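Undergrad: Have a look at this one before I ask anything.
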Amino acid sequence: MTEEKLAISVDDLTVAYDYKPVLWDIDLEVPEGVLMAIVGPNGAGKSTLIKSILGIIKPIAGSVSIFGKPYKNQRKLVAYVPQKGSVDWDFPTTAADVVLMGTYGSLGWIRRPGQKEKKAALEALEKVGMLPFKNRQISQLSGGQQQRVFLARALVQDASIYFMDEPFQGVDATTEIAIINILKELRKAGKTLVVVHHDLQTVPEYFDWVTFLNVKKIATGPIKEVFNDDNLTKTYGINYKVAVNK
Amino acid sequence: MSSAQLDIQLIAAVVAAACAIPGVFLVLRKMALISDAISHSILPGIVIGFFITQDLNSPILILLAAVTGIVTVVLVEIIQKTGLVKEDTAIGLVFPTLFSVGVILIAKNASDIHLDIDAVLLGELAFAPFDRLLIAGRDMGPKSLWVMGTILVVTVTLMVLFFKELKVSTFDAGLSAALGFSPVVLHYGLMSVSSITIVGAFDAVGAILVVALMIAPAATAYLLTTDLKKMLILSVLLGVFSAIAGYWLAHLLDASISGSMTTVLGIVFLMVYLFAPDKGLLSVLYRQKQQRTEVSLITFLLHLNNHSELSERHLNHLQEHINWQEVQSKTVVELALKNNMITIEDQIVSLTEKGRNFTGLALEYIMTNRDDKIEHVKDDFFLFRG
């Protein structure tokens, strides 16, 4: 695979909290245009992997490149959806305003969002079916609605790569389907998506690429090649049987 | 009103406005206690600065003391990072230690230094007008007004310039970092502004009351609005109002100015806490009562919907059956009657067409729990209020 076709390339990445390795010598290559799940047990370092790719956590070793360049030169190509629980939903702001935050990156320091950004924010809200709630204070939204607002915030960034940390956590079935449809649409448009995912049952249905992670990288590749009992057992440490080809 | 009185009110208002702005971000970041820590631990900085400059309003003293404020924040973070104690404990360890160093420094040098502990804790607003700024022999007004005025202008400018960055890093530090707005830089920027503001305000209102000026207006505004910009404006207005009202309360009672200002801040918060339109205690209690009645109404209607036999729909029987007290069932029956949802003939209750429709809607919502259904029912429920 040539360097140009790789959306994300992680080399020898090691991250430690208080001298305890959370990620150990991770090598990972994600080709452009895949919809990839990162799976692994609790404490496997799934969120940490995303956060260290995005420079939110400093690794103790290794490097990351986005389309061949360091992340800090490629910020505008990348959108990030953190875990819903990572923010205070009582913050005094509205759904539209949270989505508008997605435009801040392209504006840079000091410059303020104008009409163009506000219009883009409303369009993104429309895409996730949240336009009627644009002026709603964010604590007045249901869990699924909050997750849609987060997704709209990533959409407004109009990025090439989307990182999402458990976008299906605590959402209702309707929202889950709405979100996965949007993710599939993004992939069709040539975007690359990296999603931390918990529900192993839905992996083959939702994704076309998967990475198994448990402190070390166990396997990565197309679902058909690597989503098997052997890798599941290696990752989760117990005999795991998931019917892959149902 | 004498010019000294006017000066005091002006200084108090400027101090209140300057404190309210960083206070909003501290409250939203759940860092209110940090302002308490900074306001105490800057004391050694102020004392040492005073040894050097011999002037409480000197910019060098203010910067030196503000550095002590930043040191406090760093020390708290270092202790917290060891993982041995939690943040509140770390704060409780750092600031009394630094404060007591300041207290000892004052006590050891009591004869050379024009600072006493009372002034440190409560401020000396009443004397502030007498320390004048003289430029080429001309009286330019009270020095502390110039100092706090400058701090206020700088704070407002920074807040306007970096409003978007402060907002995103306060709401979602992870996204802020990913977008390239370093939360660490913004955190220390905010801590620096807070420290400088606290040092500037310290002379006027003292170590304890400056905390009230930072936290109380923000906490009050938080109950009144769901918009960050409005919260900032409201905080400033509430702070300025309390400062001026506090001055006149002190005048009336012949009591401490800073003490009266804080009392007013406390009273204003209490009033808003009780009477705020959405988040106030009374409005919350009223809403809960409404919701209980609505749930009772639905229970009652569902029961009627489920039973066609007359015995189940007899007024007295209903009371026994649903196991409600007389008053409650009477309220519910009256509410249902008033809204034309039921008719009563010979003590037998029947659903009307409207009642049946509403019950169907409520059932659908309960079964599907769909958001769009909630919206619809919420609007309908509103019709039944009052």
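Undergrad: Is there a simple number for the mean count of other chain Cβ atoms within 10 Å of the Cβ of residues in A:94-104, and what is it?
TA: On the way: counts 3, 0, 0, 5, 4, 0, 3, 8, 3, 2, 9.
Per residue, the number of nearby Cβ atoms from other chains is 3 on average.
Undergrad: Show that you can apply the helix-only estimate: for chain B, add -39,500 (n - 2.57) for every DSSP H stretch of four or more residues, divide by all residues, and state [θ] at 222 nm to the nearest 500.
TA: Values: 17 runs with 297 residues, N = 386.
Taking each H run of at least 4 residues, the total per residue is -26000 deg cm²/dmol.
Undergrad: Explain nothing, just the number: dipole magnitude of the protein assembly as shown about its Cα centre with +1 on each Lys and Arg Cβ and -1 on each Asp and Glu Cβ, in debye rounded to the nearest 20.
TA: Numbers: 55 positive and 60 negative charges, 244 e Å.
With only Lys, Arg, Asp and Glu charged at Cβ, the dipole is about 1180 debye.
Undergrad: What are the radius of gyration and Dmax of segment B:170-306, computed over its Cα atoms and given in Å?
TA: Spelled out, the Cα radius of gyration and Dmax of segment B:170-306 are 21.5, 72 Å.
Undergrad: So what's the angle, to the nearest 10 degrees on a 0 to 90 scale, between helix B:32-41 and the longest Cα principal axis of chain B?
TA: The angle comes out near 20 degrees.
Undergrad: With only alpha-carbon atoms in the gyration tensor, what are the semi-axes of the equivalent ellipsoid for the protein assembly as shown, in Å, largest first? List each step's numbers first, then the result.
TA: On the way: eigenvalues 504, 341, 87 Å².
Calculated on Cα positions only, the semi-axes equal 50, 41, 21 Å.
Undergrad: While we're here: Relative contact order, percent, of chain B when contacts are C-alpha pairs under 8 Å separated by at least 6 residues? Before the final figure, lay out each step's value.
TA: On the way: 504 pairs, mean separation 73.9, N = 386.
Worked out over chain B, it gives 19 percent.
Undergrad: Something else: Using only the alpha carbon atoms of segment A:60-182, find the Kirkwood hydrodynamic radius as the inverse mean reciprocal pair distance, in angstroms to one decimal.
TA: Numbers: mean 1/r = 0.0663 Å⁻¹.
It works out to 15.1 Å.
Undergrad: Do the alpha carbons of any pairs in A:LYS116/A:LYS191; A:LYS72/B:LYS30; A:LYS5/A:LYS119; A:LYS5/A:LYS127; A:LYS127/B:LYS86; B:LYS86/B:LYS289 sit beyond 31 Å of each other, and which pairs?
TA: Numbers: A:LYS116/A:LYS191 23 Å; A:LYS72/B:LYS30 29 Å; A:LYS5/A:LYS119 33 Å; A:LYS5/A:LYS127 29 Å; A:LYS127/B:LYS86 43 Å; B:LYS86/B:LYS289 39 Å.
Cα-Cα > 31 Å for A:LYS5/A:LYS119; A:LYS127/B:LYS86; B:LYS86/B:LYS289; rest within.
Undergrad: Here's something else I'd like to know. For q = 0.11, 0.12, 0.16 Å⁻¹, what log10 I(q)/I(0) does segment B:3-279 give under the Debye formula with an equal point scatterer on each alpha carbon and no solvent?
TA: -0.61, -0.73, -1.28
Undergrad: Of A:LYS188/A:LYS234; A:LYS184/B:LYS230; A:LYS118/B:LYS230; A:LYS188/B:LYS164; A:LYS58/A:LYS134; A:LYS184/B:LYS229, which ones are farther than 29 Å apart at the Cα? Could you put the intermediate results ahead of the total?
TA: Details: A:LYS188/A:LYS234 32 Å; A:LYS184/B:LYS230 39 Å; A:LYS118/B:LYS230 19 Å; A:LYS188/B:LYS164 33 Å; A:LYS58/A:LYS134 35 Å; A:LYS184/B:LYS229 37 Å.
Checking Cα-Cα distances, A:LYS188/A:LYS234; A:LYS184/B:LYS230; A:LYS188/B:LYS164; A:LYS58/A:LYS134; A:LYS184/B:LYS229 exceed 29 Å.
Undergrad: Two-decimal Rg/Rh of segment A:138-197 from alpha-carbon positions, Kirkwood Rh? The partial results should precede the final answer.
TA: Working: Rg = 11.3 Å, Rh = 11.8 Å.
Answer for segment A:138-197: 0.95.
Undergrad: Mind pulling the angle between the C-alpha long axis of helix B:257-275 and the longest principal axis of chain B? Nearest 10 degrees, somewhere in 0 to 90.
TA: The angle comes out at about 10 degrees.
Undergrad: Rounded to whole Å, give me the distance from the Cα center of segment B:142-191 to that of segment A:78-121.
TA: 17 Å
Undergrad: Right, another one. What does the highest-first list of B:341-351, B:160-170 look like by mean Cβ count within 10 Å? Working shown, then result.
TA: Working: B:341-351: 14.9, B:160-170: 19.6.
In decreasing order of mean packing, B:341-351, B:160-170 become B:160-170, B:341-351.
Undergrad: Amide H neighbours of A:LYS216 under 5 Å, at least 5 residues apart or on other chains, H built in the peptide plane: list them.
TA: A:TRP24
Undergrad: If you don't mind, another one. Let me know the Rg and Dmax you get for segment A:114-246 when you use only its Cα atoms, in Å.
TA: Both quantities, over Cα of segment A:114-246: 17.0, 55 Å.
Undergrad: Same structure, new question: Can you tell me the equivalent ellipsoid semi-axes for segment B:231-363? Use √(5λ) from the Cα gyration tensor, largest first, whole Å. Each step should come with its number before you reach the end.
TA: On the way: eigenvalues 577, 45, 19 Å².
After diagonalising the Cα gyration tensor, the semi-axes are 54, 15, 10 Å.
Undergrad: Hey, rough spin-label estimate for A:ARG112 and B:SER58, points 7 angstrom out along Cα→Cβ, what's it come to in nanometres?
TA: It works out to 4.0 nm between the two label points.
Rule-based calculations on the coordinates, nothing more; no lab input. All values derive from a computational prediction rather than experimental measurement. Please note: Cβ atoms are built from the backbone with ideal geometry, for glycine as well, and neighbour counts cover all protein chains shown.
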